[in-house]
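The values are calculated or read from the model by the stated rules, or taken from the named source; none is laboratory data. Remember, it's a predicted structure, so these values are computed and weren't measured experimentally. Heads up, the Cβs are rebuilt from the backbone with ideal geometry, glycines too, and the neighbour counts pull from every protein chain shown.
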Amino acid sequence: MEVLILPRPADVGAYVADLFAERIQRNPGIVLGVATGSSPLATYRALANRKERESLQVEDVQCFALDEYVGLPAHHPGSYATFVESEITVPLGLNPANIHVPDGAATNLDQACLDYEQAISDHGGIDLQILGIGANGHIGFNEPTSSLSSRTRIKALSSQTREDNARFFEAPDAVPTHCITQGLGTIMDVHEIVLVAQGTHKAAAVAAAVEGPVAGLCPASILQFHPRITFVLDEEAASNLSLRDYYRSVQTAKSSLGKGSA
Ligand code: F6R
C-alpha cells in the first residue's frame, strides 16, 4: 500500500492523470475502471488536457464504470451513464462502443449484474481502477456492512449517500434508493488501484480505510489486502492519518531514488 499526500486537490488530479497517461501509453488496449462523482473530475480534466496537447492513443481503451442508479432512464442528467459520457468519453475522445456502464434500467436487474461481471471477464479483467471514497467509507456503492467478497449486484443506498448525492438531482427525494454496483470482490480483482480523496469531509473515511481495522463497516478498508493500491490524497483528506509523517518520509525517499512518480 502506498499513501501519497499532495498539497492541493489539483495536484491529486495532475498526479493521477500522469499515471493514467503513462499506463495508456504502455498499454493502448488498457481496460480502465472509472469512478463517477466529484473526486476523479480533476483527474479526467487533466487527462483530457494532456490528450489535447500530446498524441495519446485512446481508440482501443476500454472503460468500465463502477456503478449506476437503478430506475433512471439512460439519458437522465443524474445517471452515471450521462456522467461517463460527458466527463470521460467525449472529453477524452474514447470510442463509445468501448464504454460499459451497468444497466440500471434493465427489466431483469439480476441478469444485468451477471452480464456486467461477464463483460469484465470477457475483456480480461480491469487493469487500472480509479476510486473515490464515500464519507461513510463506501467504494463503488458498497455501503457499510457490504460483504467483503461481494460481486456486482443491486444495493440499497444509505441515507447518508443519498443526501451526499442529492446535489446531482433536482430534489433530495429524486435520488434513487437503489443502484447496481461492482462488488468489493470485483474491485479486489483489479490489477492496480488508485483511490483519490480531497477535502476534510473525507478525512475520517480515509483514516478508517488506511489505518483502521479491515471491516465491512468501512468497505474501503478491504483495500489494505490489495497488492497494488495507492491512496492519492490532498492535505485535508490526509489530515486524520496518524502516520502522516511516515508516509511523507517514504514519499521523499522514493522521489530521491527517482521512483516518486508513476
Ligand atoms: C462513484 C462511486 C462512489 C464515489 C463516492 C465519492 O462511481 O463509486 O464510490 O466515488 O461516493 O463521491 P464524490 O467523489 O462525489 O465525493
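Every test in (1) modelled with pLDDT under 95; (2) more than 12 Å from the ligand (Cβ to nearest atom) is passed by Thr152 save one, and that test is (1).
Screening Arg248, Arg244, Arg162 for residues that are within 12 Å of the ligand (Cβ to nearest atom) and either surrounded by 13 or more Cβ atoms within 10 Å (Cβ to Cβ) or over 16 Å from the mean Cα position of the chain (by Cα) (or both) leaves exactly one candidate, Arg162. When each of Asp11, Asp18 is tested for being over 17 Å from Ile193 (Cα atoms), outside any loop (DSSP other than H, G, I, E, B), more than 11 Å from the ligand (Cβ to nearest atom) and in contact (Cβ under 8 Å) with a residue 60 or more places away in the chain, the lone residue that passes is Asp11. Among the residues of the range 107-144, those identified as away from the ligand (no atom under 15 Å from the Cβ) and in contact with a Leu (Cβ under 9 Å, 6 or more places away or on another chain) are Asp127, Leu128. Flag: Ser149 matches the condition of being in contact with a Gly (Cβ under 9 Å, 6 or more places away or on another chain) and either crowded, with 21+ Cβ neighbours inside 10 Å or closer than 22 Å to Leu109 by Cβ (or both).
Once the range 21-46 is narrowed to residues that are within 16 Å of the ligand (Cβ to nearest atom) and of a type in the set (A, V, I, L, M, F, W, C), the residue that is farthest from Ala220 (Cα to Cα) is Ala46.
Taking the conditions exactly as written (in contact with a strand residue (DSSP E or B) (Cβ under 7 Å, 6 or more places away or on another chain), closer than 24 Å to Ser38 by Cβ, in contact (Cβ under 8 Å) with a residue 40 or more places away in the chain and assigned to a strand (DSSP E or B)), does Val206 satisfy them or not? Answer is no for this residue.
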